[in-house]
Amino acid sequence: MRLGLNLGYWGAGNDADNLALAQEADRLGYSVVWAAEAYGSDAATVLAWVAAQTAHVDVGSAVFQIPGRTPALTAMTAATLDTLSGGRFRLGLGVSGPQVSEGWHGVRFDKPLARTREYVDIVRLALARQTVEYHGQHWELPLPDGPGKALRLTVRPVRESIPIYLAAVGPKNLELAGELADGWLAIFFSPEHAADSLDHVCAGRQRSASGPSMDGFDVVPTVPIVVGPDVAACAEPVRGYAALYLGGMGSREQNFYNRLAGRMGYEKAAGEIQDRYLARDYVGAMAAVPFEFLDSTSLLGPVERIADRLHAYADAGVTTMSIATYAATLDERIGAVRGAAQALDRSGLGE
């Protein structure tokens, strides 16, 4: 098992802290540092900033929003970041959600699976520095009956193949990740409930050009971590994050995270969280998140307990454990980054 660090969104007043966390992860031998984007900071700029001030750790997008960029621009950005970082870039992609896709980017959230398939095809074609000509249902390059010309990427990435990851929650999207990608970016990953999701990933691998084996396929959940002696107290800082995603990410009809919690056996609680959150009872929504859900999808408590928990994640198929720190101070957050490294060392699971 390898370690990753997810910095989340930039620009929330913790920019200097996040850079310090990334540099500590670099010093400790973490495998990758990820950055996210929604409708604030963009991930590409953050990753360039982090790559310039680290030496060894990979930098990855978790995720670049598919509706926010053409596939050609994504290939350009990926190639540029790989070059600037000396071959340390990983490309994570996701379709976002209907509210952001249509409300922020002005792109209809229709047929996301088919759009993703064509998008990845074009990105791979461009990154391979082949002349890009593509005739799909959603993308036509060059446009017909116009002055457009089939072009080839002029930037040569350091690596022959930049790894591509897909963020996926629903069954069909999980299959697509297994089929098309080099890795899966997971959220609310519980070892006790992971088999169903990974079965869908494995079904996709059966159709993959890489073959049916999961060897070399990177399973990467982002897992909240809070280190401390009291497990219940450690769970409290994670409640707001869980309530936001289960209650407020997407509409009542289209909240992929809420559906995931339901499939994990928390359907009643997920419904209450959403009801309270959409009614703007944010405190009530946080209180409605079951401790058992938080404990099963987070790393909480002393280093020894976290080390034991890592075995459950490894047994469930996780290959890169990407932590997200939830603590009030920078010292506590750095302590969590160090604690995860200590836990991995104690577990004996590290490479």
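The values are calculated or read from the model by the stated rules, or taken from the named source; none is laboratory data. What you see is a predicted model, and the numbers here were worked out from it, not measured in a lab. In this analysis, Cβ positions are derived from the backbone assuming ideal geometry, glycine residues included, and neighbour counts consider all displayed protein chains.
So which of 167, 114, 150 is hydrophobic (A, V, I, L, M, F, W, C), surrounded by 15 or more Cβ atoms within 10 Å (Cβ to Cβ) and either without any contact (Cβ under 8 Å) to a residue 60 or more places away in the chain or not assigned by TED's automatic domain parsing to the domain that holds residue 251 (or both)? After applying the criteria, what remains is 167.
Quick one: residue 273 ticks every box in (1) of a type in the set (A, V, I, L, M, F, W, C); (2) in contact (Cβ under 8 Å) with a residue 40 or more places away in the chain; (3) not assigned by TED's automatic domain parsing to the domain that holds residue 97 except a single one, so which number is it? The single condition residue 273 does not satisfy is (2). For region 276-314, the set of residues classified as assigned to a loop (DSSP other than H, G, I, E, B) and free of Cβ contacts under 8 Å to residues at least 40 places away in the same chain consists of 279, 280, 281, 290, listed by residue number. For region 1-47, the set of residues classified as without any contact (Cβ under 8 Å) to a residue 40 or more places away in the chain, in contact with a helix residue (DSSP H, G or I) (Cβ under 6 Å, 6 or more places away or on another chain) and over 14 Å from residue 322 (Cβ atoms) consists of 10, 37, 44, listed by residue number.
Scanning region 201-234 for residues that are of a type outside the set (Phe, Trp, Tyr), closer than 26 Å to residue 97 by Cβ and in contact with a strand residue (DSSP E or B) (Cβ under 9 Å, 6 or more places away or on another chain) turns up 201, 218, 219, 220, 221, 222, 223, 224, 225.
Within region 54-75, being assigned to a helix (DSSP H, G or I) and either polar (S, T, N, Q) or more than 24 Å from residue 186 (Cβ to Cβ) (or both) holds for 72, 73, 74, 75.
Count of region 138-158 residues, restricted to those that are touching a Lys or Arg at 6+ places or on another chain (Cβ under 9 Å) and of a type outside the set (Ser, Thr, Tyr), is 9. Out of 203, 242, one residue alone is among the aliphatic types (A, V, I, L, M), assigned by TED's automatic domain parsing to the domain that holds residue 316, modelled with pLDDT of 95 or more and closer than 25 Å to residue 177 by Cβ. It is 203. Does region 206-227 include one or more residues that are at pLDDT 95 or above, assigned to a loop (DSSP other than H, G, I, E, B) and surrounded by 16 or more Cβ atoms within 10 Å (Cβ to Cβ)? Among the residues of region 206-227, at least one is at pLDDT 95 or above, assigned to a loop (DSSP other than H, G, I, E, B) and surrounded by 16 or more Cβ atoms within 10 Å (Cβ to Cβ), which makes the answer yes. Within region 107-159, the residues that satisfy the criterion of being among the hydroxyl-bearing types (Ser, Thr, Tyr) and in a helix (DSSP H, G or I) are 116, 119. Of all residues in region 170-186, which are surrounded by fewer than 17 Cβ atoms within 10 Å (Cβ to Cβ) and part of a loop (DSSP other than H, G, I, E, B)? Hit for region 170-186 is 170, nothing else.
In this structure, residue 92 does not qualify as surrounded by fewer than 24 Cβ atoms within 10 Å (Cβ to Cβ), under 20 Å from residue 153 (Cα atoms) and modelled with pLDDT of 95 or more.
Taking the listed residues 233, 186, 194, the one that is without any contact (Cβ under 8 Å) to a residue 12 or more places away in the chain and either closer than 30 Å to residue 303 by Cβ or of a type outside the set (A, V, I, L, M) (or both) is 233, with no other qualifying.
Per-residue answers, yes or no, for (1) in a loop (DSSP other than H, G, I, E, B); (2) within 16 Å of the chain's Cα centre (by Cα):
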{"residue": "77", "(1), (2)": "no, no"}
{"residue": "86", "(1), (2)": "yes, no"}
{"residue": "90", "(1), (2)": "no, yes"}
{"residue": "101", "(1), (2)": "no, no"}
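Quick one: would you say residue 17 is assigned to a helix (DSSP H, G or I), assigned by TED's automatic domain parsing to the domain that holds residue 343, surrounded by 23 or more Cβ atoms within 10 Å (Cβ to Cβ) and in contact with a Lys or Arg (Cβ under 7 Å, 6 or more places away or on another chain)? No: the conditions fail for residue 17.
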